[in-house]
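First the structure, in the form of structure tokens, and then the observations on it.
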Amino acid sequence: IAPPPPAPQGHQLCIAVQAVSVNPVDTKLRRNHAAGAAERILGFDAAGTVLAVGPEAEDFDVGDRVYYAGDITQPGSNAQWQLVDSRLVAPMPTTLDFAQAAALPLVTLTACELLFCRMPFQLDCSRARGKHLLVIGGAGGVGSMAIQLARHAGFRVTATASREASQQWCRQLGAEAVVDHSMPLGPQVRALGIEHFDVVLNLADTDAYWEQIGELIAPQGHVGLIVEPKGALRIGDPYKAKSVSLHWEFMFTRSRFATADMAEQHRILKRAASLVDAGVLQTPHTRTIGPINADTLAQAHALVESGQTIGKLTLAGWD
């Protein structure tokens, strides 16, 4: 007999999980799980239905269809029921089903926080209009959302992708040009008539593109990073000579440290849902593997680790 759903406390919601998505952070945590260590439930992206509302949770009712990326310090979404802080949750887009919605939260929050919380730009403002932005790793989940969000903010977006299918995906999402990140970027960028980029988002490999970004970034430009470097990086010239600003983004910072602005993730997801419903943004969902179980999760992890996926994979429903 399955145990009853847990009762939410404080700001928590108890959510019946209907769909989840697998991200690189899931595979990293699985690989790094030490033998003999306490078991943990993985999973962050999810969409589901509110079962119960904690006494301090605001703006939610039982039955609401919601989506969220959760908290890395708490049990994850690969479970039928999950307790989640309501300040990290928002109503999911009304035009999407659970599987399509579950592909959105983590990558949308990552891209949006990096561009519009860490950097001095705004989503619904013309300040970025005409500026050149490079997305390294444009066909991945974060890249898929970064391209769309940057275009909405007015950037002229160039993305990188190495395969024909991934290049077409980037163009479909709004990239004006696509270059191959398996070859030197400089000659390809110059062939496009671009001298420098005002913003570079390296969403793939911090070490591998460090020197090339130093050449491509404009004086007083902004570089966004999400991948921990493998070794030491030279942070002097040309970065110093150009007074380049470096911006780290870790989507779980707000929840991990219980920052005073945790509810910003609720606001970001709520705004993103409205843009999806208005047809401005599209979900990065490309494939639903099957129902949520050990076998399909293992399959999804293997596909993500292959580095050959485009957009986001989801699992929906239960056996």
Task: Surface accessible to a 1.4 Å probe, Val179 within the full protein complex, Å² - done: 10
TODO: Mind grabbing the accessible area of Thr259 for me, 1.4 Å probe, Å², rounded to tens?
DONE: 40
TODO: At q = 0.07 Å⁻¹, what is the base-10 log of I(q)/I(0) for the chain according to the Debye formula with one equal point scatterer per Cα and no solvent? Please give it to two decimals.
DONE: -0.27
Task: Virtual spin-label span in nm between Ala16 and Lys230, 7 Å along Cα→Cβ - done: 4.6
Open item on the list: Explain nothing, just compute: Karplus ³J(HN,Hα) = 6.51 cos²θ - 1.76 cosθ + 1.60, θ = phi - 60°, for every residue of region 209-219 in order, whole Hz, x for Gly and Pro.
Closed with: 10, 4, 5, 5, 5, x, 7, 8, 6, 6, x
Open item on the list: Quick check: pseudo-label points 7 Å beyond the Cα along Cα→Cβ at Ile72 and Ile41, how many nm apart are they?
Closed with: 2.0
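At a Förster distance of 45 Å, what's the computed FRET efficiency of Ser162 paired with Ala260, Cβ-Cβ distance as r, to 0.05?
0.60
Nearest 20 debye, what's the magnitude of the dipole of the chain about its Cα centre given +1 on Lys and Arg Cβ and -1 on Asp and Glu Cβ?
Magnitude of the dipole: close to 640 debye.
Using only Cα atoms, figure out Rg for region 128-249 and give it as a multiple of 2.2 N^0.38 Å.
0.97
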TODO: Would you calculate a helix-derived [θ] at 222 nm for the chain, using -39,500 (n - 2.57) for each DSSP H run of n ≥ 4 and dividing by the full residue count, to the nearest 500?
DONE: -8000 deg cm²/dmol
Task: Solvent accessible area, Å² - Leu315, 1.4 Å probe, full protein context - done: 0
Task: Neighbour cut-off at most 12 other Cβ (10 Å), DSSP loop, GluC sites (Glu not before Pro), region 176-250 - done: Glu195
- [ ] Would you kindly derive the ³J(HN,Hα) couplings of region 14-25 from the backbone phi angles with the Karplus curve 6.51 cos²θ - 1.76 cosθ + 1.60 (θ = phi - 60°), listing them in order in whole Hz, with x for Gly and Pro?
- [x] 9, 10, 7, 6, 10, 7, 9, 10, 9, 10, x, 5
Open item on the list: What does the extension gain come out to for Ala218 and Gln9, with contour length at 0.36 nm per residue minus their alpha carbon separation?
Closed with: 70.4 nm
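On a full-extension model of 0.36 nm per residue, what is the gain between Thr286 and Glu195, subtracting their alpha-carbon distance, rounded to one decimal in nm?
Between Thr286 and Glu195, full extension yields 29.4 nm more.
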Task: Karplus (6.51, -1.76, 1.60) ³J(HN,Hα), θ = phi - 60°, over region 296-312, in Hz, Gly and Pro reported as x - done: 6, 5, 4, 5, 5, 4, 5, 5, 5, 5, 5, x, 10, 7, 10, x, 10
Task: 13 Å Cα-Cα reach of Lys230 towards aspartates and glutamates, excluding residues that sit fewer than 8 places from it in its own chain - done: Asp205, Asp207
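The values are calculated or read from the model by the stated rules, or taken from the named source; none is laboratory data. All values derive from a computational prediction rather than experimental measurement. Every residue, glycine among them, receives a Cβ derived from its backbone with ideal geometry; neighbour counts consider all protein chains shown. What goes into the accessible areas is simple: the full protein's heavy atoms, side chains included, and nothing from ligands, DNA or RNA. Shrake-Rupley method; radii C 1.70, N 1.55, O 1.52, S 1.80 Å.
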